[in-house]
């Protein structure tokens, strides 16, 4: 698993929010890829991520309204976004963007709005990448 993430140009994580944080399955994956001497090491200045940074996109479905996962305006119930940013930066992956689809368990209208907001963010990311590659 470490070889796969190390070889990836872009990392995509599908992470439904479970009880305000990550699922047990994602936690297990993180435990497998977070290894001393492989993905992080210790220096006199403290821990250092050993993976080369690359874009990481987290697509998160959420039953309620928990914000967009932005670090500058955190939702007090969203432990998922901050935890994933922290553990990924610990192994060297600091370019993390959360794409949140909120309202999935709140009825048809909030669900449609949450999916539309997530699609809009995905479209903006794709457009920026296409523009970057064309330059």
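Just so it is clear, none of the values below were taken in a lab; they were calculated from the coordinates. Computed from a predicted model, the values in this text were never measured in an experiment. Cβ atoms come from the backbone with ideal geometry, glycine included; neighbour counts cover every protein chain shown.
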Task: FRET efficiency, 1/(1 + (r/R0)^6) with R0 30 Å, evaluated for residue 113 and residue 53 via beta carbons - done: 0.40
Task: Kirkwood hydrodynamic radius (C-alpha pairs) into Stokes-Einstein, the chain, 20 °C and 1.002 mPa s, D in µm²/s - done: 135 µm²/s
TODO: Any chance you could run the full-extension gain for residue 97 through residue 10? It's 0.36 nm times the residue separation minus the Cα-Cα distance, nm to one decimal.
DONE: 30.2 nm
Task: Added length on full extension, which subtracts the Cα-Cα distance from 0.36 nm per residue, residue 106 to residue 126 - done: 4.4 nm
- [ ] Along each of the three principal axes of the Cα atoms of segment 1-68, give the extent in whole Å, ordering the values from largest to smallest.
- [x] 42, 26, 21
TODO: Return the single residue from 16, 47, 55 with maximal mean-square fluctuation; model: Gaussian network over the chain, springs between Cα atoms under 10 Å.
DONE: 47
- [ ] Over the chain, calculate the relative contact order: mean separation of alpha carbon pairs under 8 Å at least 6 apart, over the residue count, as a percent.
- [x] 24 percent
Open item on the list: Springs between alpha-carbon pairs under 10 angstrom, Gaussian network model over the chain: which of 113, 44, 97 fluctuates most?
Closed with: 44
TODO: Pick out which of 80, 25, 111 has the largest mean-square fluctuation in a Gaussian network model of the chain, springs linking Cα atoms closer than 10 Å.
DONE: 25
- [ ] Taking the Cβ of each residue in 56, 126, 98, 11 as the centre, tally the other Cβ atoms inside 10 Å and list the residues starting with the fewest.
- [x] 126, 11, 56, 98
